[in-house]
Amino acid sequence: MTIARLEDRAVLRLAGADVRPFLQGLLTNDVMALAPGHPVYAGLLSPQGKALFDMILFDGGDDSVLIDVAASRAAALARRLGLYRLRKAVTIEPSPLAVYADWDGDEAGHSLDPRFALLGSRWIGDAAGDGGAAAWHAHRRAIGVPDSDDIGEDDLLWLETGADLLNGVSFTKGCYIGQENTARMHHRDKVRRRLVPVQIGGGEGDGVIRDGAGRSVGTLRGAADGLGFAHLRLAATAEPLTLAGAPLTVQRPAWLASELPV
């Protein structure tokens, strides 16, 4: 069993009588489905449907919701939520709690990561122990699941991050910020590019990925130890690709395989 405290994640605590309706009108997923043992993956988008923040919500009990978010983005998320709060009965504050993950055992009493079962368990608890974020990122890169650093801020459309395939959006919950463009892409089958896990055969160079004719078909979003994620045209993923003159191989994890051409 590997239990890691993810020191690159932070926790925000939102509380008050209006907290769930407040988040329901902002985030991409159905906050009303949040329950003990049932976390929810969601995003806060720009009006154009681009990902500003991705997060995992946990039921905090007592009219509260705990938000697991990248530590580098926690303060910005708190400010953004504060702008939307107006006169609603909602408090927003940082929490001293920490985020934990376990991916090679069965940590009893903890819920599975809502994105993909192979990620293992994920929970929030009192801060203790050494950090384990590096090992966690190596694990999720190995099974091909992008995370906050790969998604970035205001760069990719929410569906391009794979959120629709990783349980990060509800198409039945009603309105939220960026909903119109997100729903249109989904219903018209307009997702032409996605974050795709890749294996890198050489250096990263300028990060531009090219097809056999030398045309730019995507960009590298982040990598370590030869594994990373690229923002790629789906139609190009069946072709021979290169990065900095070396072969680049598209991986086909179970959550994404049906979207990639053979």
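One table, with the values for the structure above:
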{"item": "Region 192-259: radius of gyration and largest Cα-Cα distance (Dmax), Å", "result": "10.7, 30"}
{"item": "Angle in degrees between helix 74-85 and the longest Cα principal axis of the chain, rounded to the nearest 10", "result": "60 degrees"}
{"item": "Footprinting exposure proxy for Thr172, Thr91, Thr182 (fewest neighbouring C-beta atoms within 10 Å first)", "result": "Thr172, Thr91, Thr182"}
{"item": "Spacing of the two label points (7 Å from each Cα toward its C-beta) at Arg79 and Ala33, in nm", "result": "3.2 nm"}
{"item": "Where labels lie 7 Å past Cα in the beta-carbon direction, separation of Ala127 and His187 in nm", "result": "4.5 nm"}
{"item": "Which of Lys50, Lys190 has the fewest Cβ neighbours within 10 Å, and the rest in rising order", "result": "Lys190, Lys50"}
{"item": "In nm, spacing of pseudo-spin labels at Asp206 and Ala117 (7 Å Cα→C-beta vector)", "result": "4.4 nm"}
{"item": "Cα-based helix-to-principal-axis angle, 133-142 vs the chain, degrees rounded to 10", "result": "50 degrees"}
{"item": "Extension gain, Leu86 back to Gln199 (0.36 nm per residue minus Cα-Cα distance, nm)", "result": "36.1 nm"}
{"item": "Cα centroid of region 143-193 to Cα centroid of region 35-78, whole Å", "result": "15 Å"}
{"item": "Sorted by Cβ neighbour density within 10 Å, fewest at the top, the residues Phe58, Phe22, Phe171", "result": "Phe171, Phe22, Phe58"}
{"item": "Sites Ser72 and Ala213 - FRET efficiency at Förster radius 35 Å, r taken between beta-carbons, to 0.05", "result": "0.40"}
{"item": "Neighbourhood charge, 14 Å Cβ-Cβ cut-off, centred on Ala78 and excluding it, Lys, Arg +1 and Asp, Glu -1", "result": "+3"}
{"item": "Distance histogram for region 100-175 (every C-alpha pair counted, 5 angstrom bins, percent rounded to whole numbers)", "result": "3, 13, 21, 22, 19, 12, 7, 2, 0"}
{"item": "Full-stretch length increase - Asp225, Ala135 - with 0.36 nm per residue and alpha-carbon distance subtracted", "result": "31.2 nm"}
{"item": "Centre separation in Å (Cα based) which lies between region 89-133 and region 205-239", "result": "31 Å"}
{"item": "Choice from Gly207, Gly43, Gly144 showing the highest fluctuation, given a GNM over the chain with Cα pairs closer than 10 Å", "result": "Gly207"}
{"item": "Sites Ala246 and Asp8 - FRET efficiency at Förster radius 35 Å, r taken between beta-carbons, to 0.05", "result": "0.75"}
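FYI, it's all coordinate maths here, none of it is from the lab. What you see is a predicted model; the values in this text were computed from it and never measured. As a convention, Cβ positions derive from the backbone with ideal geometry for all residues, glycine included, and neighbour counts pool all protein chains shown.
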